[in-house]
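Accompanying notes for the structure given below.
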Amino acid sequence: MRVIIFGGYGFIGSNLIELLGDNPQISHITLPIFGDNIHIPSRIKPLIDSDKLSCTSYNPQSQESINHILEGHDLAVNLIGIPYEYNRYALQELGSKFFQLPNSNSIENKRDGMRNFNFTHNKLVGLIAGACRTARTHLIHISAQGANSKSACRYLASKGRGEEHVASLTNWTLVRPGVVLEEDALFVRKMRRLARLLPVMPLPLAKSRQQPVTLKDLLDLLSKVIEKPMDYNQATLNSVGDKEMTMTEIIRQVANPRWIIPVPSMFNLPMALAAEMIMRNPIITRDNLRAANAYQPVTSSANPIQQNK
């Protein structure tokens with residue numbers, strides 16, 4: 001089986017590739033690469049040396065380019081996603097909204113121009129789905145818990161629109177993971193860094209709830225789908241933990257800060273605005289607030305076949 005993994009150099013993707021490297025059912029893995037200075041995780045470099053994994057350049061804005069690299073693959077996995085939008089235009093957006101200033105969003109380079117929810121989670125998914133339709137390739141798309149095209153949360157709405165592209169295919173599987181907790185996860189590393197720097201950690205959304213999933217559980221589910229994709233054809237699978245946790249409980253578990261002080265709800269919006277304006281990788285955004293309001297618990301897919309649409 002030949003597999004192509006979009007977003008395979010990320011945290012979840014690189015761990016998945018490492019796992020698939022030991023699977024004799026997988027004959028070859030293709031890793032699409034866009035742009036320069038892409039860091040290839042050390043865990044998957046031995047697979048490149050063994051010729052089981054190959055990296056290939058492509059243009060994520062071109063249907064022709066995606067069609068070309070996907071041709072000849074039995075299975076495609078899409079893990080591409082961003083937790084927040086590129087924040088270069090935060091001040092411009094506010095100016096447009098409150099002072100009727102023009103909001104031109106001029107794009108200075110292609111990579112910055114694609115760091116937004118609509119392109120990454122919607123338009124790009126549509127291009128990948130189109131390539132899978134042409135090549136008759138089964139698409140496994142990793143979405144997000146709570147994805148809904150009508151959500152007030154822009155992240156979840158874009159994820160929902162991406163799911164609509166996938167569901168228009170004949171052979172597809174959707175996986176909706178909760179927050180993934182693992183040593184190398186970006187969220188975990190960010191919280192641990194803050195816990196080391198701050199004697200007291202102010203925590204917005206301290207009472208908001210999540211259903212975090214371990215990396216092992218998510219990879220186990222993905223491996224089952226990859227090995228027998230038709231057993232999960234047209235299925236929407238929830239990959240979440242059995243236990244709901246507050247943000248305070250999650251932070252204590254992953255970062256163990258000295259002290260946590262919950263931020264009063266009236267300060268959440270000003271804190272999110274400030275983070276978006278001054279931080280390249282904001283610790284909280286306005287969309288995080290919308291996501292917290294949109295949260296609804298789900299059950300994990302113990303019997304995924306019953307999740308078919």
Legend entry - ARG154 vs. criteria touching a Lys or Arg at 6+ places or on another chain (Cβ under 8 Å), of a type in the set (D, E, K, R) and in contact (Cβ under 8 Å) with a residue 40 or more places away in the chain: yes
Inset, instruction - Only residues that are of a type in the set (Gly, Ala, Ser) and either under 27 Å from MET247 (Cβ atoms) or free of Cβ contacts under 8 Å to residues at least 12 places away in the same chain (or both): list them for region 158-181, please. - result: SER158, GLY160, GLY162, GLY178
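Take the conditions at negative phi, touching a Lys or Arg at 6+ places or on another chain (Cβ under 9 Å) and among the aliphatic types (A, V, I, L, M) and apply them to LEU169. Does it pass? Let's see the steps before the verdict.
Numbers: at negative phi: yes; touching a Lys or Arg at 6+ places or on another chain (Cβ under 9 Å): yes; among the aliphatic types (A, V, I, L, M): yes.
Here the answer is yes, as LEU169 does meet what is asked.
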Legend entry - Long-range neighbours under 7 Å by Cβ, at least six apart or interchain, first residue touching a residue at least 24 places away in the same chain (Cβ under 8 Å) and under 19 Å from TYR58 (Cα atoms) within region 1-18, second basic (Lys, Arg) and assigned to a helix (DSSP H, G or I): SER14/ARG43
Legend entry - Qualifying residue in region 218-239 (condition: part of a strand (DSSP E or B), free of Cβ contacts under 8 Å to residues at least 60 places away in the same chain, surrounded by fewer than 18 Cβ atoms within 10 Å (Cβ to Cβ) and out of contact with any His (no Cβ under 9 Å at 6 or more places or on another chain)): no
Inset, instruction - Could you tell me which residue of region 200-217 is farthest from ILE26 (Cα to Cα), considering only residues that are in a loop (DSSP other than H, G, I, E, B) and not charged (D, E, K, R)? - result: VAL200
Inset, instruction - Please work out if ARG209 is under 25 Å from SER158 (Cβ atoms), surrounded by 15 or more Cβ atoms within 10 Å (Cβ to Cβ), under 16 Å from the mean Cα position of the chain (by Cα) and modelled with pLDDT of 90 or more. - result: no
Inset, instruction - Residue by residue through region 46-61, note down the ones that are touching a strand residue (DSSP E or B) at 6+ places or on another chain (Cβ under 9 Å) and either surrounded by 15 or more Cβ atoms within 10 Å (Cβ to Cβ) or within 28 Å of ARG115 (Cβ to Cβ) (or both). - result: LEU47, ILE48, LYS52, LEU53, SER54, CYS55, THR56, SER57, TYR58, PRO60
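Please verify whether PRO270 is at pLDDT below 95, under 22 Å from the mean Cα position of the chain (by Cα) and surrounded by fewer than 19 Cβ atoms within 10 Å (Cβ to Cβ), treating the condition exactly as stated.
Against the criterion (at pLDDT below 95, under 22 Å from the mean Cα position of the chain (by Cα) and surrounded by fewer than 19 Cβ atoms within 10 Å (Cβ to Cβ)), PRO270 does not qualify.
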Inset, instruction - Might you check whether a residue that is touching a strand residue (DSSP E or B) at 6+ places or on another chain (Cβ under 6 Å) and in a loop (DSSP other than H, G, I, E, B) occurs anywhere in region 183-199? - result: no
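Quick one: would you say ALA235 is of a type in the set (Gly, Ala, Ser) and within 30 Å of ALA167 (Cα to Cα)? Don't jump to the end; show me each part of the working.
Values: of a type in the set (Gly, Ala, Ser): yes; within 30 Å of ALA167 (Cα to Cα): yes.
So ALA235 fits the description; yes.
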Legend entry - region 118-171, residues that are in contact with an Asp or Glu (Cβ under 6 Å, 6 or more places away or on another chain) and outside any loop (DSSP other than H, G, I, E, B): ALA135, ARG154, TYR155
Legend entry - Identity of the residue in region 245-275, part of a loop (DSSP other than H, G, I, E, B) and in contact (Cβ under 8 Å) with a residue 12 or more places away in the chain, that ends up farthest from ARG192 (Cα to Cα): VAL263
Inset, instruction - Answer with yes or no whether ASN67 is touching an Asp or Glu at 6+ places or on another chain (Cβ under 9 Å) and either part of a loop (DSSP other than H, G, I, E, B) or surrounded by 12 or more Cβ atoms within 10 Å (Cβ to Cβ) (or both). - result: no
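The values are calculated or read from the model by the stated rules, or taken from the named source; none is laboratory data. For clarity, every value in this text was computed on a predicted model and none was experimentally measured. Ideal geometry is used to build each Cβ from the backbone, glycine not excepted, and the neighbour counts take in all protein chains shown.
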